[in-house]
Amino acid sequence: LIMYSLGNFFFPSLLSINGRLQPSKKESRKYLIVQSDFTKVNNFSYVIKGGWVTKNYAIRPYLNEESRRFTEKIAKLTAPILSQDYSSYWETYQAGRIRELRKESLKEAFWKCLVMPKRQLFSTIRFADIRRNIDRICTIIKN
């Protein structure tokens, strides 16, 4: 059992220096808890549980279908560790992760538009912001 960097902090949305709201990302409000039992030498058990944190910072565990999807996601993420061809996993992962980050970037831009007060949004928007979002859309369409 390898557990690395399981710590996370839940921060509220922040205001940047220019006054623009930086909402917390949905992904950063998710959590994973590992409950382990090491009562015997070379014999241990563990349970992985996941959930999310609400806007009011209440911790909510995944239940039923959400729990099943979470378990499948964790199994899919950890399966390559058991593979003999670990290097090809990283090559595939890197290409997929680049696409994933582009999509996340676009989703984040749309999310900001939805949650940010419109007056504040229009008073802080710059031409560079519009151009960056057009570039994001074009990149996703090309791929």
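Values as computed for the structure displayed
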{"item": "Cβ-Cβ under 9 Å pairs, at least 6 apart or on other chains, the stretch 59-81 side among the polar types (S, T, N, Q) and modelled with pLDDT under 90, far side assigned to a helix (DSSP H, G or I) and open to solvent by 100 Å² or more (accessible area, probe 1.4 Å)", "result": "none"}
{"item": "Conditions (1) farther than 30 Å from Gly19 by Cβ; (2) open to solvent by 100 Å² or more (accessible area, probe 1.4 Å): number failed by Arg119", "result": "(1)"}
{"item": "Residue among Lys103, Lys107, Lys112 that is within 18 Å of Lys25 (Cβ to Cβ), surrounded by 10 or more Cβ atoms within 10 Å (Cβ to Cβ), under 20 Å from the mean Cα position of the chain (by Cα) and in contact (Cβ under 8 Å) with a residue 60 or more places away in the chain", "result": "Lys112"}
{"item": "Breaking point among (1) more than 21 Å from Gly19 (Cα to Cα); (2) in contact with a helix residue (DSSP H, G or I) (Cβ under 9 Å, 6 or more places away or on another chain); (3) hydrophobic (A, V, I, L, M, F, W, C), for Ile98", "result": "(2)"}
{"item": "Residue satisfying all of: in the stretch 15-51; open to solvent by 100 Å² or more (accessible area, probe 1.4 Å) and among the hydrophobic types (A, V, I, L, M, F, W, C); modelled with the lowest pLDDT among these", "result": "Leu15"}
{"item": "Residue count, the stretch 55-72 (criterion: within 18 Å of Val34 (Cβ to Cβ), among the small types (Gly, Ala, Ser) and in a loop (DSSP other than H, G, I, E, B))", "result": "0"}
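The values are calculated or read from the model by the stated rules, or taken from the named source; none is laboratory data. What you see is a predicted model; the values in this text were computed from it and never measured. So basically every Cβ, Gly included, is an ideal-geometry build from the backbone, and we count neighbours across all protein chains shown. Just so you know, the surface numbers come from the protein's heavy atoms only, side chains and all, with ligands and any DNA or RNA stripped out. Shrake-Rupley method; radii C 1.70, N 1.55, O 1.52, S 1.80 Å.
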